[in-house]
Each structure stands twice: as structure tokens, then as C-alpha cells.
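The values are calculated or read from the model by the stated rules, or taken from the named source; none is laboratory data. Just so it is clear, the structure is predicted and the values come from calculations on it, not from any experiment. All Cβ positions, even for glycine, are placed from backbone atoms using ideal geometry, and neighbour counts span all protein chains on display. These accessible areas exclude ligands, DNA and RNA; they are computed on the full protein's heavy atoms, side chains included. Shrake-Rupley method; radii C 1.70, N 1.55, O 1.52, S 1.80 Å.
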Amino acid sequence: MAAWIERRNVGLLALLLALPLASGALAQAAGAPAGQAPWTVRPEWVKADEDFLAGDALQGRGSATPDEAKAAAWVASQFKHFGLVPAPGMRSYLQTATIVQPMLGGPPVLALAGRPLAGVTLLSAPAEEVRGRLAVAASDDPAALPAADVVAVGSAKAPLFAIARAANARHVKLLILRQSPETDRIWQQMGGVTRMPAYLEGDAPHATAIAILPAAAFDGLISQAGQEVALDLPGLTLARRTTTNAIGFLPGSDPAAAVLLLSAHLDHLGRRPDGIVMHGANDDASGTSAVLELARALAAGPRSRRGILFVCYGSEEIGGFGSAYFGAHSPVPLAKIAANIEFEMIGAQDPKLPRGTLMMTGFERSNLGETLAAHGALVAGDPYPEQNFFQRSDNYQLALKGVVAHTISGWAVTPTYHQPTDTVANLDIPFMTRAIQSLIEPVRWLAASDFQPEWKSGGQPGR
Ligand SMILES: [Zn+2]
């Protein structure tokens, strides 16, 4: 699960969908249709997956690092061992993409009409130098932001995040804001380090740079609308790194049928600058374990009508790049993917949900969750809508392209989230095992059926 810039504490809105949970429901979900051998997920398999992925050898599987590549190679070898084949049109189980990371070589220089301004703080830098005429917003209303290359917004009462998002949507190259307690707090939270957004090679870099000016300098600036503004980035370099997705395919009996996509992300935060390894046992070695154990279970069973793609992505934590690349280069046309279920952080039970129940992000956006629930899946709505979890994992990259795509989680606000304590020792392996077990028959049903999940009105993002 990726971090989210907006961390407003707006109180928790209860969005629990009342699901009848009879005692023994888990046991019922673990059963198998007549004539089909039941499958039992074994806790020692789950533990073994975790011990390797979240163990010391992989050093926290940093995004787009050789450790992530090792994790992908191991997942690929497991896929092969379980009997999956490379996806249609692919010769191997690995898909790689290049991520471009801009890096500053020295302090950036912001100039107005050729004169450098003092006291500039760059919250977020662009991947190239910016030139443009200064436009001054009449208000801080994000909806009324001018669509110009360089925009200054004073007296920002609207949250900075909302202004930045509106600027990004209007392709503003440089947003200039007046220093405030909010900008100070955000800069402090960022550790006083300018953010340099990475991007997939081949994609145009598209992220609004954000500069903060001290109050007096800002007030002088906005009296000079129409003047030339230049942001120079001395010593800018573009580093290229490889990220890796592991992809396995379980062919269906009907080649014309749509396929399912079961996914998770391989990567985590790697080794911190202070040397501490962020193991990411829950985030998201646990989801990777779910994909592996579902692959093991389904490959051992009878062939289903629909094929199933099992995908473990790289570089989720730094911007969903593995899934974005997959979405643009899917071995199966996206229109032929009936549904995507991403697994994230199933290593602990959410105390707000009934025992044994998992949450599905964006539950109310489509009819997938309710239909799976009707077929025995113990999934309920996301009790934390203010956290925007639907947008914070790989499912979102596919949802943006129209695929009905959700993330299933155990406890998405666990205290170990993005902490050094996210280790195997702090996982609830029996819960994980039951959670994976509980999904086998609902997924088998979905793979056998011709049910085509659909977005509800207003549910598809970007529509
Ligand atoms: Zn995460």
C-alpha cells in the first residue's frame, strides 16, 4: 500500500456493510463443490513464502532494486513449479520496465524577469527546467485555478493537496505558494528534501513542481503578473532503474472467455538511509503470499473456464509503476480481463470488521464485492474511506483503464504500516492462512462463471 499525501484526520466514517456472519462460515467457505477435491492452505507454506520474501536476504525488496528483481525471479520460479505457464505472447514469467528518476545536482534557482529570488523552497521539482509567464490566481479555489505554465496562489485556505491536484490536472508546470504553517509542516514531514517524482520511460514526465516563497517575496511576486519566470535545475541528471513484474498464467478451458487477474506487489521500502531494513512482511509480502497460494491451489485443481493471470508487480511503493506498465503492456487485452483483485496487507485482522472478514476497497463502486460475498467470500466494505485506499494500490492503475479492479485487505491501518516493525514475527499467520483459504472457492466460482462484474453508476474512477 502506497503512502498518501493527504493525511487529514477527519474521523472514521463507519461504512461497514452488514454481512451475516454465521459461526462456521469460514469452514463453509473452505469446502469444495461436489466431485472436487478440497484444498487446504497450509500455514507452513504461507510462513515459508513470508520467510523468504520478508527475510533478511531480500533487504526489504526496495522498489526497482536488484532485491526486487530477486523477489520477482523467486515468485516466477514458484509460478513455474505450481504449473503456471508464461502469459499469452510472453516467453518468460518476467516483465521489466525502466523507471526514470530525476536527481538534482545543486540548489534550484527560481528567477523572476531574470532576477533570482531568495528563500525559495522546492517541495516538488519537475524533471526539466520550467519557463513561463506568471499567472496569479484570483482566489485559492482549486476549481478556479488558471491553466497557465506558472501559477501563483496566495492566501491558501484550501488544503495544499487540493490545490496541487488541481494544478496537476490543468498541466501547470510550476505552482508558487506563499509560505504558511501548512507549507512548513509539509516540508518538515518531507524531511526537508525536495521530492523528485519518477516516471516510466516513454511517458512524458507530468508532475507540477511546487515552490514556496517567504511571505514578503511572494507578495512582491504577485504584483508582477505576466513577467517571465524561470526555474533552473543546475546539474540535473536522469537515473534509470529497472523494475520487474512476475507474471504467471493458468489457461482456461475456453480461450474465448475473459480472464481474471489476481495481483499483489513484490516491492517494499527496502533499506532506509539510516541502515534499517524495512521488511514489509505485511506490505506486501502477505499479498504476494496470497497470490502464490491461490496459484498453488487453483493450478492443482480442475481447469476452469476462464484463464487466470497471477501477477506480482514491482515499484508499487514509489508510484504504482509496475502496474501502470502492465496496464499499458498487458499480455491479455485489458478488455478481456473480467476483474482484478489485488491483495494487500492481509497479515492482520481489522478489529473494526467481523472476525474472519476482509475489507475490499471501493466495495460500493462495482458489483464484484457483493457478488463474491454472495458466493461465500468474507469481504465487506472499506471502513476507512477517508484514507482513499481504493486509489493507493495497484488496482487503481487498472481501474483507471476501465478494468473492474479492487484491493482486498486484512487491516489496512495496522500500527506496523510502513514501520520497521512490519516483520514476519508480527504477522498473524493463522489469520492469513484462513483468509487465503476463504477466497479459494469464491475465486473458483468466478473463474467458472460467465459473470461479468460491472462498475456501478459513478463507480469507475476518472469517469
Ligand atoms: Zn506500502
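Observations, loosely collected:
- Note on region 105-235: the alpha carbon radius of gyration divided by the globular reference 2.2 N^0.38 Å gives 0.97.
- Residue order for ILE186, ILE318 - accessible surface, 1.4 angstrom probe, largest first: ILE318, ILE186
- Summary value for region 105-235: 43 percent relative contact order, contacts being C-alpha pairs under 8 angstrom separated by 6+ residues.
- Residue-wise HN-Hα couplings along region 382-389, as the Karplus relation 6.51 cos²θ - 1.76 cosθ + 1.60 with θ = phi - 60° gives them from phi, are 7, x, 10, x, 5, 8, 6, 4 Hz; Gly and Pro carry x.
- Volume of the convex hull of region 33-182 (Cα atoms only), normalised per residue: 272 Å³.
- Distance between region 122-161 and region 312-339 - C-alpha centres, whole angstrom: 31
- Rg to Rh, two decimals, where region 382-424 supplies the alpha carbon set and Rh follows Kirkwood: 1.04
- Of LYS47/LYS336; LYS336/LYS401; LYS157/LYS456; LYS47/LYS70; LYS47/LYS80, pairs whose Cα-Cα distance is over 22 Å: LYS47/LYS336; LYS157/LYS456
- Cα long-axis angle, helix 66-82 against the chain (0 to 90 degrees, to the nearest 10): 20
- For VAL130, nonlocal amide neighbours, meaning residues 5 or more places apart or on other chains whose placed amide H falls under 5 Å from its own, are LEU231.
- For the chain, the normalised intensity computed at q = 0.09, 0.11, 0.12 Å⁻¹ comes to -0.62, -0.88, -1.02 (log10 of I(q)/I(0), Debye sum over alpha carbons, equal scatterers, no solvent).
- Per residue, the chain exposes 41 Å² of solvent-accessible protein surface, assessed with a 1.4 angstrom probe and all protein chains in place.
- Each label point was placed 7 Å from the Cα along the Cα-to-Cβ direction; for ASP149 and GLN224 their separation is 1.6 nm.
- Helix axis angle, 429-448 relative to the chain longest principal axis, alpha carbon, degrees: 80
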